[in-house]
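The values are calculated or read from the model by the stated rules, or taken from the named source; none is laboratory data. These numbers come from a predicted model, not from an experiment. Reconstructed Cβ throughout: ideal geometry from the backbone, glycine too, with neighbour counts over all protein chains shown. Note: areas computed on protein heavy atoms with side chains; ligands, DNA, RNA excluded. Shrake-Rupley method; radii C 1.70, N 1.55, O 1.52, S 1.80 Å.
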Amino acid sequence: MRTWKGICAYIVRTWRGLETYQKAGVFILLLLITIGSLAPWIAPYDPLQTGTPFQSPSFTHPFGTDNLGQDNLSRLIYGIMNTIKIAFVAALVSLAIGVSVGVYSGYYRGWREDALMGVTDLFLLIPSLPLMILMASYLEPSEWNIVLVIGFLWWCPTARVVHARALQVRNQGYVRSALALGYGGPYIIWHHILPNCKQVIIAKFTMGVALAMLAEASLSFLGLGDPLSITWGSMVNLAYSCGGFANDLWWWYLPPCIMITLTAAAFFMVGGRKNEGRRWQI
Amino acid sequence: MNGSVLSVRDLRVNFQTNGSKVSALNGVDLDLAQGESLALAGESGSGKSVLAFAVLRLLDDVADVEGKILFEGEDVYQMAHGRLLDIRGKGICLVPQSPGTAFDPLRKVGVQISDFIRKVEQIDAADARSRSITEMDRLGLRPVKDTYENYPHRMSGGMLERSLIACATATSSRLVIADEPTKGLDRRTKDIALSALLSTAENGALMMITHDLTSAKRCERTAIMYCGELVEIGPSESVIEDSVHPYTKGLIRSMPERGMTPIPRRVRSDPGGGCRFYSRCNEASEKCLFHPDLRMMRGREVRCWNVDA
Amino acid sequence: MLTLENVSKEFVLSSGRRFNAVKDVSLDLNKGSVLGMMGDSGCGKSTTALIACRLLNQTSGKILLDNMDVSSHRRKALSQFRRSVQIVFQDPISAFDPLHTIRWSFSEAAAASGMTAEVQSERQDELCQSMDFPLCLLDRFPSEVSGGELQRAAIVRSLFIKPDYLILDEPTSMLDLSTQAQISRGILSIVQNDSIGILWITHDEALAKAVCDRILYMKDGMLVQQS
């Protein structure tokens, strides 16, 4: 009971501290996730049910049908969770690696810092999109490949930012005080360094999700995603390869493009840096 | 010419925080004449820095400011925005507190000083450079060639503080407002910094905010502030050596060399209608339940009922 | 007795130049006494302080606690040593984690020595009283408390685990006169009660003369005179 109360109070406090555009981002995302998770009930058709192909928008099919006669609106709705899920896990993987590397090297410094930051710099130099294409085409097409590729390539910017922040935090008086009290590295990292890096971590994470979505869309568009999973990227790919673009069937390819943009923008909005007004101490 | 550089009339500043109103300044009157130096002393939170910001009209978006601030006869709060920008820096130069954040971390300190001089004095880069080097040398930032090329994070707080002072003393601003310029400086550098600041008062005026009454003594006049009000203002010699207000006396007694006896209790956040110092005063009487005004006596103005001429 | 024996510290600057911040410093800090250390900024006072509580490794020289060499202690033994020598820094604002309340920081200190909740609250009341830290501020965050009050809290925290020695690195230089007097008096009363050895770093000569039993003067990394 008490913990629930605490959690609710925390949520309310966090919500109040958000900027208007962050609230808007959260609202859009919650709306999308609600629709996505209720897909079987909301979507008018089964996304795999075939019918008359290449239909124009009508009351029965608001966004028309694709080359197999599958309802575009239903596919769009089913695609929400798939797209967000892949992007989320990919961002989580890159975040986990990036934060660990950044905090560890920032706190312990010395040769460990030199080594880890050297590796980070090396990874930063890798041109990521070509490599992604290479890896995705070499591995078997599957949605988890994208997670793997994005996760293992995109941790470096996070590592850099977190490292810089950790360097700042470790020189603060409270870290020294904790050291003087006899606390060791793991305690200090967990209780002081990580919480004080929270802002940059959250910002990096939400941006990571947005970027991963875009990357997933690009890879799927290139036909390197899982052909069986319904994502917005694969919808655009389908529209492209089956003449949707050539015949200007905008109701087919435009909605998924807009959804990708909207969702990525929503994540960017949530992660946008909070504009902290100068606090006046009197 | 011995005209007035700054005159502040009935200045009131209120901060709005979470719906409640906090009064930071409560009717401050202050005059600074050409060639004069004034020290503004008092405990933290007495409103000294707020006064400095209010004079430069830097509080517009965070507080309600009432009253009049005249800089060389012009009302700062009535003037056009362009004119205001002109006066900041050229007319009034602020040496802010916390030098650690006052410099851009990505640019060399010397270059930043030169840029400031160039902007204010409208001279070319080479002149500005040589002028800032002379000034840094005067403030003891030696070897100057090295410190000029240094980035802020490579310098100590005391060096940055002196670099900030160099900005103010290298230009011919009419009024220099220095917010705790000697904080964190040791005795030797404090001396250098004070002399440099006081020399700016020769062709303008200096207002120095400080905790340190020994430094305050070197200014011509000293004003003691408590809870957003001036409680004693007059020639430094008489205010510090022969103070009459119980608060000033308390401050003097808390100096380490004068017994280090602190003023009892804390500043009250809600001072009430009477004398604001009432709850901490050891000379309080029933008269003090009414708010006293500044009265002229023994060569200075005092806000206390219990002082007799 | 906490002893520094011929301690030196050399920093390698990013330009590759070497810089001797502390040269051959020896000093004894006795329990129950206040040792002052004075000198201009940049003379190595703060570096000496960090070395004395082993938050910074010295380049050469020894640190002895009750005649036992602790300069090569690592891990557990080092933690043990650090708990007996506490340090308070000049800047009270960075001394507390902005994300935690003051009470949390006190519990952190208490947990370091494995105090029970009862002992902790007793110690908290006792110390807050002697430092005149208002108990109503305990549940506030550092940003909601003024610098003077935070410095009191920092001293309370450093004394929480009953250290034998306390190093004060210009504890009052950011504070106003009255607060400085209040805090200095509070510290002196605690020294007398708990017989803690204090190394008080300052550049205010008047303050040093008022609070210290003995004053060391430092210049360019060396001790130059005693009084």
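Entry note, chain B: relative contact order of 19 percent, from Cα contacts under 8 Å with a spacing of 6+ residues. Between the beta carbons of B:Glu237 and A:Ser100, assuming R0 = 60 Å, the FRET efficiency works out to 0.40 to the nearest 0.05. For the pair B:Glu74 and B:Glu149 in one chain, pulling the backbone fully straight at 0.36 nm per residue adds 23.1 nm over the alpha carbon distance. Rolling a 1.4 Å probe over the protein chains gives B:Arg129 an accessible area of about 90 Å². The solvent-accessible area of A:Phe268, taken with every protein chain present and a 1.4 Å probe, is close to 80 Å². Taking chain C as the reference, fit the longest principal axis to its C-alpha atoms, fit the long axis of helix C:177-194 to the helix C-alpha atoms, and give the angle between the two in degrees, 0 to 90, nearest 10. Its long axis makes an angle of about 90 degrees. Chains C and B together bury roughly 2000 Å² of accessible surface, counting both sides and using a 1.4 Å probe on protein heavy atoms.
Helix-only arithmetic for chain A: the sum of -39500 (n - 2.57) across DSSP H runs with n ≥ 4, divided by the residue total, places the mean residue ellipticity at 222 nm at -23000 deg cm²/dmol. Once the Cα atoms are used to define both axes, helix C:147-159 deviates from the longest principal axis of chain C by about 80 degrees. The DSSP beta bridges internal to chain B are antiparallel in roughly 65% of cases. Rounded to whole Å, give me the distance from the Cα center of the stretch C:209-227 to that of the stretch A:132-163. Measuring centre to centre over Cα atoms gives 60 Å. Rounded to the nearest 10 degrees, the angle from helix B:81-90 to the longest Cα principal axis of chain B is 80 degrees.
Only helices reaching 18 angstrom along their own axis (Cα) with mean Kyte-Doolittle hydropathy no lower than -0.5 count here, and for the DSSP H runs of chain A these are A:2-17, A:20-37, A:72-108, A:110-125, A:155-170, A:198-221, A:250-271. On a per residue basis, the convex hull of the C-alpha atoms belonging to chain A measures out at 180 Å³. Comparing the full protein assembly with the isolated chain (1.4 Å probe, heavy atoms, ligands and nucleic acids excluded), the residues of the stretch C:18-48 losing at least 10 square angstrom of accessible area are C:Asp40, C:Ser41.
So if R0 is 45 Å, what FRET efficiency would A:Leu48 and A:Ile202 give, r being the distance between their Cβ atoms, rounded to the nearest 0.05? Rounded to the nearest 0.05, the efficiency is 0.75. Scanning residues 5 or more positions from B:Tyr226 or on other chains, those with amide H under 5 Å from its amide H are B:Val231, with H placed 1.01 Å from N in the peptide plane. For A:Ile7 and A:Ala164, the FRET efficiency from 1/(1 + (r/R0)^6), where r spans their Cβ atoms and R0 equals 22 Å, is about 0.10.
Would you mind pulling out the separation of the Cα centroids of the stretch B:110-127 and the stretch A:54-131, in Å? What the calculation gives is 49 Å, centre to centre. Taking 19 Å as the straight-line reach from the Cα of A:Lys5, the aspartates and glutamates in range (excluding those fewer than 8 positions away in the same chain) are C:Asp139. Less than 5 angstrom separates the built amide H of B:Gly27 from those of B:Leu11, B:Arg12, B:Val13, all sequence-distant by 5 or more or on a different chain.
Modelled spin labels at A:Tyr21 and B:Thr17, positioned 7 Å past Cα toward Cβ, are 2.9 nm from each other. Straight-distance candidates among the lysines for linking to B:Lys183, with alpha-carbon spacing under 19 Å and chain neighbours fewer than 8 residues away dropped: B:Lys48, B:Lys217, C:Lys45. Spin-label pair C:Leu13-A:Ile126: with each label point 7 Å from Cα along the Cα-Cβ axis, the two points sit 4.0 nm from one another. Per residue, the solvent-accessible area of chain B (1.4 Å probe, heavy atoms of protein chains only, all protein chains present) comes to 42 Å².
Solvent exposure of the stretch A:71-274 amounts to 43 Å² per residue of accessible area, where only protein heavy atoms count and the probe is 1.4 Å. Compared with its chain on its own, the stretch C:176-203 contains the following residues whose accessible area drops by 30 Å² or more in the full protein assembly (probe 1.4 Å; ligands, DNA and RNA excluded): C:Asp176, C:Leu177, C:Ser178, C:Ala181, C:Gln182, C:Arg185, C:His203. Spin-label model, C:Lys76/B:Leu106: points 7 Å from Cα along the beta carbon direction are separated by 5.0 nm.
In chain C, the calculated helix contribution to ellipticity at 222 nm averages -11000 deg cm²/dmol per residue, counting -39,500 (n - 2.57) for every DSSP H run with n ≥ 4.
Give the residues of the stretch A:75-119 whose amide nitrogen is closer than 17 Å to a point set 7 Å from the Cα of A:Leu254 in the direction of its Cβ. Once the point is set 7 Å along Cα→Cβ of A:Leu254, A:76 turn out to lie under 17 Å by backbone N, inside the stretch A:75-119. Of the residues B:Leu139, B:Leu85, B:Leu185, which exhibits the maximal mean-square fluctuation in a Gaussian network model of chain B defined by a 10 Å Cα contact cut-off? Its mean-square fluctuation being the largest, the pick is B:Leu85. Computed over protein heavy atoms with a 1.4 angstrom probe, the accessible surface ordering of B:Leu160, A:Leu134, A:Leu254, largest first, is A:Leu134, A:Leu254, B:Leu160.
Looking at the stretch B:8-38, which residues lose a minimum of 30 Å² of accessible area between their chain alone and all protein chains in place, measuring with a 1.4 Å probe and not counting ligands or nucleic acids? Hits at the 30 Å² cut-off: B:Phe15. Computed in the context of the full set of protein chains, the accessible area of the stretch A:129-174 at 1.4 Å probe radius has 67% of its extent on carbon or sulfur. In the complete set of protein chains, residue-level accessible area for B:Ile233 is approximately 10 Å², probe 1.4 angstrom. Our compactness index for the protein assembly as shown, the C-alpha radius of gyration over the empirical 2.2 N^0.38 Å, is 1.14.
With all protein chains kept in place, the per residue accessible area of chain C amounts to 42 square angstrom at a probe of 1.4 angstrom. The stretch B:23-45 and the stretch C:130-169 have Cα centres separated by 31 Å.
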